[in-house]
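Let me give you the structure first, and then I'll get to my questions.
The values are calculated or read from the model by the stated rules, or taken from the named source; none is laboratory data. As the structure is a computational prediction, the values presented were derived from the model and not from experiment. Here Cβ is always computed from backbone atoms with ideal geometry, including for glycine, and neighbour counts include all displayed protein chains.
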Amino acid sequence: MSGLALLLPELTVGMLAFLVLALDLVLPERRKSLAGWLAGLGLLALTLLAASGWNGSGSLGGLYVLDRFAVASKVFALLGGATVALLSLDYARRALPGAGEYYGLLVFAALGMMVMAGATELLTAYVGLELLNFSLYVLVSYRRWHPKSNEAGTKYLLLGAFSSAIVLYAISLLYGLTGTTSYAGLRAALAQPVSPGLVAALALLLTGLGFKVAAVPFHMWAPDAYEGAPTPVTALLSVLAKAAGFVLLLRLFSEALAPTLALTQPALALVAAATMVLGNTVAIRQRNIKRLLAYSSIGQVGYLLLGLFMLTPESATALLFHLAGYAVSNFAAFLAVIIVENRTGDEELADYAGLAEREPFVAFTLTAALFSLAGMPLLAGFTTKFALFLAVAAGGALALALVALAITMSVVSLYYYLMVIRQLYVCPPLKVGRLGMTRTEAVVLALLLLATIGVGVLPAPLFAAAQAAIAPLFT
């Protein structure tokens, strides 16, 4: 496959985004949710188009590639974007009046991740990264009449622009020192003795990308952005934006930076350890559910960085596998939070008191999602974490120490997840009456709960797909 045929999924997703924006121009205020349905169902339908390239291959002038890793990442992006669009339907109707263009930006965010997945050259990857980022800048501050949303958007924009400038400067240094920005060309250049200039360029590149995935010490934007953003956008930041960053890092490390593994391993080990410790310990002090989940997601970044620290086919497979388990669990948790916030406007942990009496299914799904994120058996998080830790532990003494720290931090995370669950089941309710759910919310919540349990008890098909997706990066 070559030429425009290779870009067919990306082109159709771009057309869908413009179609959603055009539809918003003609829809009356009371029918804006149709744009959400078009975005959600359109992305689901295009998932089939993207998945049809599973057995295909091709390259576009060394800038862009079609392989199983790109296809798997595109499917992930489309499913994630569709999920967020469907999560947003009732929220947008209640809290985001005139939100038709909101759904167009969601589609553009998914398109940005798709471009990052297929890029085999730094500037092409940067275009995808910025398409994702610019969509997120607007989405985070979408509640422009809300002070917290304005603050979150401003902080995210300033720090995001700063990190993008660092990435672009690193790319310019790499080009000046090696004469290429292609991954294959960089791999050949880095196979030679590395100069101090190249070390500085690599440090800047990894620093800029560290901002994008909220790794410590580049995480400072995440808690405020998560708290101030519309809650479906917080889910987008927590899952899709992080997944996009790790998709880019996986291809970049395996195809371009592999010769520098001995150089980057100590830094990755330090960042992974600091991220796990800070994310999980600071989460204990949080009393706002979105800030708690923000620090929880920072801790999860630390676990995912272990897969990059090793950079073997086994650890990369486990990283991709854990991303999928983390995604379904986190989406389930955020949909429960959206349902509560939609009906009550509450975000504090104390406001979740007695939720099990008022809305048992929502409370049960939130409990399952939190236990999964903690790594409890029979749930997605346990199976995917186990695979990741097992793959990393084969790497020697330092790797074993990092895995031991990761297990310890997983136990710590159980404490603050249980703080939430205690509110759900032990504390008496502060309010009375059912919350209620729309039919769409109930169906999506049930599907996410089934996925969280299904990945835990029947992981083999997903793990096999992750293995097949990673294979092209190591051939």
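For the subset of the stretch 1-37 comprising residues that are under 26 Å from Leu60 (Cα atoms) and of a type outside the set (A, V, I, L, M, F, W, C), which member is modelled with the lowest pLDDT?
Top of the filtered list is Ser2.
Would it be correct to say that Ala215 is assigned to a helix (DSSP H, G or I) and either more than 14 Å from the chain's Cα centre (by Cα) or surrounded by 22 or more Cβ atoms within 10 Å (Cβ to Cβ) (or both)?
It is false that Ala215 is assigned to a helix (DSSP H, G or I) and either more than 14 Å from the chain's Cα centre (by Cα) or surrounded by 22 or more Cβ atoms within 10 Å (Cβ to Cβ) (or both).
Same structure again: Confirm whether Ala70 is under 14 Å from the mean Cα position of the chain (by Cα), surrounded by 24 or more Cβ atoms within 10 Å (Cβ to Cβ) and touching a residue at least 24 places away in the same chain (Cβ under 8 Å). Full working, then the answer.
Numbers: under 14 Å from the mean Cα position of the chain (by Cα): no; surrounded by 24 or more Cβ atoms within 10 Å (Cβ to Cβ): yes; touching a residue at least 24 places away in the same chain (Cβ under 8 Å): yes.
Criteria not met by Ala70.
Can you tell me which of (1) at pLDDT below 90; (2) crowded, with 19+ Cβ neighbours inside 10 Å; (3) in a helix (DSSP H, G or I) is the one Ala350 doesn't meet?
Result: Ala350 fails condition (2) only.
Would you point out the residue of the stretch 416-439, among those that are assigned to a loop (DSSP other than H, G, I, E, B) and hydrophobic (A, V, I, L, M, F, W, C), that is surrounded by the fewest Cβ atoms within 10 Å (Cβ to Cβ)?
Val432
If you scan the stretch 76-99, which residues turn out to be surrounded by fewer than 23 Cβ atoms within 10 Å (Cβ to Cβ) and either under 13 Å from Phe334 (Cβ atoms) or without any contact (Cβ under 8 Å) to a residue 60 or more places away in the chain (or both)?
Selection gives Leu79, Tyr91.
Identify all residues within the stretch 375-386 that are assigned to a helix (DSSP H, G or I), surrounded by fewer than 23 Cβ atoms within 10 Å (Cβ to Cβ) and touching a residue at least 12 places away in the same chain (Cβ under 8 Å); write none if there are none.
Phe382
Just a yes or no: is a residue in the stretch 272-290 surrounded by fewer than 24 Cβ atoms within 10 Å (Cβ to Cβ), on the phi > 0 side of the Ramachandran plot, in contact (Cβ under 8 Å) with a residue 24 or more places away in the chain and among the hydrophobic types (A, V, I, L, M, F, W, C)?
no
Under the condition of being of a type in the set (Ser, Thr, Tyr) and buried (at least 24 other Cβ atoms within 10 Å of the Cβ), which residue from the stretch 232-257 is nearest to Ala471 (Cα to Cα)?
Ser238
Somewhere in the stretch 8-15, is a residue of a type in the set (Val, Ile, Thr), over 22 Å from Lys242 (Cβ atoms) and in contact with a Gly (Cβ under 6 Å, 6 or more places away or on another chain)? It would help to see each step written out before you state the result.
Filtering the stretch 8-15 for residues of a type in the set (Val, Ile, Thr) gives 12-13.
When the remaining residues are screened for being over 22 Å from Lys242 (Cβ atoms), the result is 12.
If we keep only those that are in contact with a Gly (Cβ under 6 Å, 6 or more places away or on another chain) as well, we get none.
No, the stretch 8-15 contains no residue that is of a type in the set (Val, Ile, Thr), over 22 Å from Lys242 (Cβ atoms) and in contact with a Gly (Cβ under 6 Å, 6 or more places away or on another chain).
Among the listed residues Ser410, Ser315, Ser372, which satisfies the condition of being of a type outside the set (A, V, I, L, M, F, W, C), touching a Lys or Arg at 6+ places or on another chain (Cβ under 8 Å), buried (at least 18 other Cβ atoms within 10 Å of the Cβ) and in a helix (DSSP H, G or I)?
That would be Ser410, the only listed residue that is of a type outside the set (A, V, I, L, M, F, W, C), touching a Lys or Arg at 6+ places or on another chain (Cβ under 8 Å), buried (at least 18 other Cβ atoms within 10 Å of the Cβ) and in a helix (DSSP H, G or I).
Further question: Of these, Gly14, Gly42, Gly53, which one is surrounded by 18 or more Cβ atoms within 10 Å (Cβ to Cβ) and part of a helix (DSSP H, G or I)?
Every option except Gly42 fails the conditions.
Now a separate question. If you scan the stretch 440-462, which residues turn out to be surrounded by 18 or more Cβ atoms within 10 Å (Cβ to Cβ) and closer than 30 Å to Gly53 by Cα?
Val444, Leu445, Leu448, Leu449, Ala451, Thr452, Val455, Gly456, Pro459, Leu462
Still on this structure: So the check is Cβ under 7 Å with 6+ separation or different chains; which pairs have a first residue in the stretch 14-27 that's closer than 17 Å to Gly128 by Cβ and a second one that's aliphatic (A, V, I, L, M) and assigned to a helix (DSSP H, G or I)?
Gly14/Leu111; Leu16/Leu46; Leu16/Val107; Ala17/Val107; Ala17/Leu111
Six or more apart or on different chains, Cβ under 6 Å: which pairs go from a residue in the stretch 291-305 that's assigned to a helix (DSSP H, G or I) and surrounded by fewer than 24 Cβ atoms within 10 Å (Cβ to Cβ) to one that's acidic (Asp, Glu) and modelled with pLDDT under 95? Could you list them?
Arg291/Glu227
Let me ask something additional. Collect the residues in the stretch 132-153 that are surrounded by fewer than 20 Cβ atoms within 10 Å (Cβ to Cβ), more than 16 Å from Val84 (Cα to Cα) and among the hydrophobic types (A, V, I, L, M, F, W, C), keeping them in residue-number order.
Phe134, Trp145, listed by residue number.
Six or more apart or on different chains, Cβ under 8 Å: which pairs go from a residue in the stretch 179-196 that's under 15 Å from Ser254 (Cβ atoms) to one that's among the acidic types (Asp, Glu) and not in a helix (DSSP H, G or I)? Could you list them?
Correct list of pairs: Ser182/Glu121; Tyr183/Glu121.
Conditions (1) under 27 Å from Ala262 (Cα atoms); (2) among the basic types (Lys, Arg); (3) assigned to a helix (DSSP H, G or I); (4) modelled with pLDDT of 90 or more, marked per residue:
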site	(1), (2), (3), (4)
Arg143	no, yes, no, no
Leu159	no, no, yes, no
Tyr175	yes, no, yes, yes
Ala200	yes, no, yes, yes
Leu204	yes, no, yes, yes
Gly210	yes, no, yes, yes
